[in-house]
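Notes follow once the structure below has been shown.
The values are calculated or read from the model by the stated rules, or taken from the named source; none is laboratory data. None of these values were measured; they are calculated from a predicted model. With ideal geometry, Cβ positions are generated from the backbone for all residues, glycine too; neighbour counts draw on all protein chains shown. Keep in mind that these areas ignore ligands, DNA and RNA; they rest on the heavy atoms of the full protein, side chains included. Shrake-Rupley method; radii C 1.70, N 1.55, O 1.52, S 1.80 Å.
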Amino acid sequence: MTEAFIYDHVRSPRGRGKQGGSLNPITPINLTTQVLSALRDRSGLDTSLLDDVILGCVAPVGEQGANIARVAAINANFAESVPGKQINRFCASALEAVNSAASQVMSGMSRAVIGGGVECMSRVPMGSDGGAMAIDPQTAYHSYFVPQGIGADLIATLHGFSRNDVDAYAVTSQQRAAHAWEQGYFSNSVVPIRDHVGDIVLDHDETVRGNASLESLAGLNPAFAAMGSQAGFDDVALQKYPEVEAINHVHTAGNSSGIVDGAAVVLVGSKEAGKHMGLKPRARIRSFASTGSEPTIMLTGPAPASLKALKLAGMEPSDIELYELNEAFASVVLLYMKLLDIPHDRINVNGGAIAMGHPLGATGAMVLGTLLDEMERRDLTTGLVTLCIGAGMGTATIIERV
């Protein structure tokens, strides 16, 4: 089997995902074009060597529709021969795009492929694509559907995570992200985004609040309590989990991932492709895996997906030197650390989506890049990145520096 290597990656900064956010004036195709162009230009990439562009997008409708991967490649003046496809595995879409790129390389059917993703949540709101899971009563009844926030609170209830526990985790995320930005840890990977006249509109993650404290977060109301009681979702969850007497609603806007705009891309290729491109590999993709998990609670997939990827690589959790898990909600990370016995100083060491935001279709490539950069900075060898996923799934990827 051909080995697949990571040669480079870039991402946009994350902009606040609402009207008034700095990236709101930038269309999804423009944002994607800018990150693709940046990857090409800084690598001196001859795009005729590419066999595909694969981009994740969770709401591929409207401005994000019509196969944004192929259209963005055209818009970025890539070689006409480069095809493109858009994929959707909800929150892990961009990581799945990178894994798909690696699959094509490992099979020998492709030499070099770009994987990544985009989501402009200020312009195409979450849920714009509809779908039976949430809106078809028969489907929702069959799967005991509840929104993800209810699932996050259910995790906290089942595993005894208090409001103080999740707030404390969130404060650490904010502090770590602020420190990473202050120290310039993201400077090599984040490309400034420009408007139509070339002026920079954003060059940093817009939602980081390094001054967050337990006291400030304690003043926030639970985000999903009213939804749980008034819309009846708590009752649905309790039907699935009758051992729970009542759901303790601990998640707020302060300890959940932020809604943001963003895009990210990763260049994957074989060793021979790297020689043709004149690039040195930065890491080898050692294994990757996806798995289904219980769909009502929805957010417990990272642990089984990680264990599956570890088994494929012939490794144990203790063999991984650094972890990145998307901070969809604080309880997701707390549970993952508990299940795999991971100390906090080995996971999300530069903060995560609670501080910097979660642009759904792009986050997987962003956290993969964050992991690789930090492995290089610390001179570490092995890393694992994983995400929880809507409808109950998990995806994980193990990389090894070369």
Looking only at residues that are in a loop (DSSP other than H, G, I, E, B) and of a type in the set (Gly, Ala, Ser) in segment 228-247, which one is nearest to residue 162 (Cα to Cα)?
246
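With segment 1-88 as the region, which strands (runs of 3 or more DSSP E) entirely inside it contain at least 3 residues that are open to solvent by less than 40 Å² (accessible area, probe 1.4 Å)?
Result: 5-11, 52-56.
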Just to be sure I understand the filter: pairs with C-beta atoms under 9 Å, separated by 6 or more residues or on different chains, first member in segment 71-92 and on the phi > 0 side of the Ramachandran plot, second member open to solvent by 30 Å² or more (accessible area, probe 1.4 Å) and part of a helix (DSSP H, G or I). Which pairs pass?
77/40
In segment 159-179, residue farthest from residue 13 (Cα to Cα) [restricted to those that are in contact with a strand residue (DSSP E or B) (Cβ under 6 Å, 6 or more places away or on another chain) and small (Gly, Ala, Ser)]:
173
Filter result (open to solvent by less than 30 Å² (accessible area, probe 1.4 Å) and assigned to a helix (DSSP H, G or I)) within segment 318-333
330, 331, 332, 333
Any chance segment 104-115 includes a residue that's surrounded by fewer than 21 Cβ atoms within 10 Å (Cβ to Cβ), of a type in the set (Gly, Ala, Ser) and in a helix (DSSP H, G or I)?
no
Evaluate segment 51-58: report whether one residue or more is in contact (Cβ under 8 Å) with a residue 60 or more places away in the chain, in contact with an Asp or Glu (Cβ under 8 Å, 6 or more places away or on another chain), among the β-branched types (Val, Ile, Thr) and within 28 Å of residue 107 (Cα to Cα).
yes
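Tell me the residue from 352, 274, 269 that is under 19 Å from residue 402 (Cβ atoms), crowded, with 24+ Cβ neighbours inside 10 Å and in contact with a strand residue (DSSP E or B) (Cβ under 9 Å, 6 or more places away or on another chain), please.
Sole residue among the options that is under 19 Å from residue 402 (Cβ atoms), crowded, with 24+ Cβ neighbours inside 10 Å and in contact with a strand residue (DSSP E or B) (Cβ under 9 Å, 6 or more places away or on another chain): 269.
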Considering residues of segment 359-402 that are in a loop (DSSP other than H, G, I, E, B) and open to solvent by 10 Å² or more (accessible area, probe 1.4 Å) only, the residue nearest to residue 150 (Cα to Cα):
391
Name every residue in segment 123-158 that is over 29 Å from residue 15 (Cβ atoms), free of Cβ contacts under 8 Å to residues at least 60 places away in the same chain and open to solvent by 60 Å² or more (accessible area, probe 1.4 Å), in order of residue number.
137, 138, 141, 142
Find the residue count for segment 151-179, including only residues that are over 22 Å from the mean Cα position of the chain (by Cα) and charged (D, E, K, R).
2
Which members of segment 283-301 meet the condition of being assigned to a strand (DSSP E or B) and in contact with an Asp or Glu (Cβ under 9 Å, 6 or more places away or on another chain)?
283, 284, 285, 286, 288, 290
